[in-house]
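K.L.:
Structure provided below as C-alpha cells; questions to follow.
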Amino acid sequence: MGENGKAAIVKAAIALFNSNGFDGTSIRDIAKKAKVNPANISYYFESKNGLLEHCFTAFFEGYVESIEKGLSLLDQGAANCLKKIAENIMYYQYENMQLTRMILREISIDSQIVREIMSTYLMKERFYLSKVMERGVKTREFRTLASNYMILQLKGLLSMPFLNTQYMTEVLHVLPNEKYFAEKYIREIFHWIDGVLCNREIDRFYLAVK
C-alpha cells in the first residue's frame, strides 16, 4: 500500500473531519472511506489523535513556510513584506482548502494537540508578524497601532473565507474555490493594509516631494 495508502487515509480523514467533526468520525469511518483496513491507520498514525496531529503538523509546516518566504522581503519595506505574507498565506490556504477548513474548525476547540500547536507554530507566526508590524511603526511606514490587534484583524481577514464557505456560496454568491476569488480577495486585503496600517502622512509627504 505504501504512501498511496497513507495519502488516502489522510484525504479521507480531512473530508470526514470537515463534515462530521473529529469527535463524530471513527477510525472505521476513515478506513471505509479510504478503502483500507483499520489496522493500516494504527500502523501509520497509531491512533485517530495521531492522525489529527499529522494533519495539523502538515498544515502548519507549510503555513509557517509561506510566512517565512514573505518575511525575506522585510528590507524592501514593511507594507510590501506584509502584503507578500498575506498573499502567500491566502494562496496556500486556497490550494489546501479542505485541509484549511478542517484545521480552522478544530483549532477552535481546546485540546492538548491545539495547545501544542499554539506553543510552537502559532507563537512563531506571532513573532514573525510582530516583527513586520514593529518595523513598519519604527520606520513610520505604519501608523502607531497595537500590533496584537492588527495581527488579530489580519488573521480574521485571512481565515474568514474558509470558515464561512456555505454563507459565501449561498448568501453572497461568491465561489471561494475559484482562483478568481483568491486573486480578488488578496487585492482587498492589500487595500486594508494600505488604508488601515499605512501612515498616510508619510504618503502625502512623498507625494508633495514628487
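K.L.:
Given the C-alpha atoms of segment 1-125, compute the convex hull and give its volume per residue in Å³.
P.N.:
Hull volume over Cα atoms, normalised by residue count, gives 107 Å³.
K.L.:
OK, next. With the cut-off at 33 Å, report for the chain the share of all Cα pairs above it, as a whole percent. Please list the in-between numbers first.
P.N.:
Values: 5460 of 21945 pairs.
Of all Cα-Cα distances in the chain, 25 percent exceed 33 Å.
K.L.:
From the C-alpha gyration tensor of segment 38-80, pull out the three semi-axes of the equivalent ellipsoid (sqrt of 5λ each), sorted largest to smallest, in whole Å.
P.N.:
37, 7, 5
K.L.:
On to the next question. Using 0.36 nm per residue, how much length does the chain from Tyr43 to Asp23 gain when fully extended, once their Cα-Cα distance is taken away?
P.N.:
Net length gain for the segment: 5.1 nm.
K.L.:
OK, next. Are there any trypsin sites (Lys or Arg not before Pro) in segment 1-99 that are in a DSSP loop and have at most 15 other Cβ atoms within 10 Å? List them by number.
P.N.:
Sparse-neighbourhood loop trypsin sites (Lys or Arg not before Pro): Lys35.
K.L.:
At Tyr91 and Arg200, where each label point lies 7 Å from the Cα along Cα→Cβ, what is the point-to-point distance in nanometres?
P.N.:
3.1
K.L.:
Compute the acute angle (0 to 90°) between the alpha-carbon long axis of helix 97-106 and the principal axis of greatest extent of the alpha-carbon atoms of the chain; round to the nearest 10°.
P.N.:
90
K.L.:
Of Ala12, Ser108, Thr25, whose Cα points farthest to the positive end of the dipole of the chain (charges on the beta-carbon: +1 Lys, Arg; -1 Asp, Glu; origin at the Cα centre)?
P.N.:
So the residue furthest toward the plus end is Ser108.
K.L.:
Over 23 Å between Cα atoms, which of Lys69/Lys155; Lys6/Lys69; Lys83/Lys155; Lys155/Lys179 qualify?
P.N.:
Checking Cα-Cα distances, Lys6/Lys69 exceed 23 Å.
K.L.:
Among Tyr63, Ala79, Phe162, flag the residue with its Cα farthest along the positive direction of the charge dipole of the chain, charges on Cβ as +1 for Lys/Arg and -1 for Asp/Glu.
P.N.:
About the Cα centre, the residue reaching furthest to the positive side is Ala79.
K.L.:
Nearest 20 debye, what's the magnitude of the dipole of the chain about its Cα centre given +1 on Lys and Arg Cβ and -1 on Asp and Glu Cβ? Write out the running numbers ahead of the final one.
P.N.:
Working: 27 positive and 24 negative charges, 49 e Å.
That gives the chain a dipole magnitude of about 240 debye.
Only the coordinates and a few stated rules stand behind these numbers; no lab work does. Just so it is clear, the model here is predicted, and its values are computed rather than measured. Note: ideal-geometry Cβ built from the backbone for every residue, glycine included; neighbour counts use all protein chains shown.
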